[in-house]
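Just so it is clear, none of the values below were taken in a lab; they were calculated from the coordinates. Every value quoted in this text rests on a predicted model; they were computed, and no experiment measured them. Please note: Cβ atoms are built from the backbone with ideal geometry, for glycine as well, and neighbour counts cover all protein chains shown.
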Amino acid sequence: MYRGRLKRDLEIWVEKRLISQTVADALLKDVDSRRSSFSIGGVLMVLAAVLIAASILLLVAANWEAIPRLVKVGGIIALIWVFYLLAAVMFSRGADRLAGALLLLGAASFGGAIALIGQLYHLSGDAFDAMLLWFAMTALSAAAFRSQALTVMAGLLSFAVAAAFLDQFDAEWHGLYSWWPVLAGVVIGVLSVWTGADRARHCIYLLFIGWFCWIYSLSTDIEVAIAFVIAGSLAFVVATLPVSPVAVFLRRHEPAFAFYALVLALIGLALLHAEWQEGLPLAVLAVTTIALALVALALEGRDNGAVRFLAYGAFAVEVLYLSYVTIDSILGTSTFFLLAGLVVAVLAGIVVKLEKLFAKRAGETTP
């Protein structure tokens, strides 16, 4: 998506003679040369690795009775070594994408080995311990090879560990195990910096969002939902307000932070909507939701498409929900939308003035 937008913009700038065609070609070449750039060949290699890994896991699940146990165990262990050694060879030859696919196969084979050994020898244990071991070995392999593919796989396995925990302990709080998303988030965060797998950090945000929702489900206290709204809103403002000292850093190095902060705030508002469905509390919620959507559009809507569409969606859903819950007649609905339109028009004027003020201050502070 980014390359497509950049290419269209470069063509427009070349047509307007703002830059030369040589500069435009050089910029596109630089984008294509980065490790994270899109490659059909690389994608096909990963898809092939996923399919082969699925076949390995299914073969392990079949538990062939005709093959001796030692042959089964030796075969799966040999597969692990073969895939990792081949990956090392491919890295040495500069074939990083093929090496990443081989590492995925090696990590999948390790998971299959855990399942096979437990299946054959009826070892005591549970799915949570097995998934935790699989995650740990995948994370260590990702660090050893500085593999982006294994970092992403570790991020996906962190969800499997969380699911196994919820299943084993009936979704109840269970000591230190309940802090698993925090530990996994730290590990994935360190790995993403070490390996350059920036996209893996989305797993961290999703883990935390799921963890927060699970914590709310343990008590369903309104105070927890209010805390979501306050924490998410403050985090969003800190990450996007032009005068914030961390806004520039986050926009450059962690643009997804603002989006997930807004998600957390909106989740809190949605939970409160389920509790407060009439009267003054509902009115306060409606004003808060619409105001948050407008603030999000004002601060981050221009530069962050994900935030923009999320704010649009929140605004539209809130207006439709209010018309469904609180309006009893066509005349009432018309009056409501008229008043809402006037309020939004006033807010739009305020937002425009704020944007001009922020732009002026940014221009004054730019050397």
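Laid out as a table, the results:
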quantity	calculated
Rg/Rg_ref, the stretch 156-290, where Rg_ref = 2.2 N^0.38 Å and atoms are Cα	1.17
Distance in nm between pseudo-label sites at residue 345 and residue 198 (7 Å out along the Cβ direction from Cα)	4.2 nm
Sparsely packed trypsin sites (Lys or Arg not before Pro) within the stretch 240-303, loop by DSSP, other Cβ within 10 Å at most 11	302
Rounded if a/c under 1.5, otherwise prolate or oblate - the stretch 84-239, Cα gyration tensor axes	oblate
Highest-first arrangement of 137-145, 169-177, 74-82, where packing means the average Cβ count within 10 Å	137-145, 74-82, 169-177
Packing rank of 196-206, 289-299, where each peptide gets the mean count of other beta carbons within 10 Å, highest leading	289-299, 196-206
Charge context of residue 220, other residues only, Cβ under 15 angstrom, K/R +1, D/E -1	-4
Computed label-point distance, nm, for sites residue 308 and residue 320 using a 7 Å Cα→Cβ extension	2.1 nm
Burial order of peptide ranges 214-221, 234-241 (average beta-carbon count within 10 Å, highest first)	234-241, 214-221
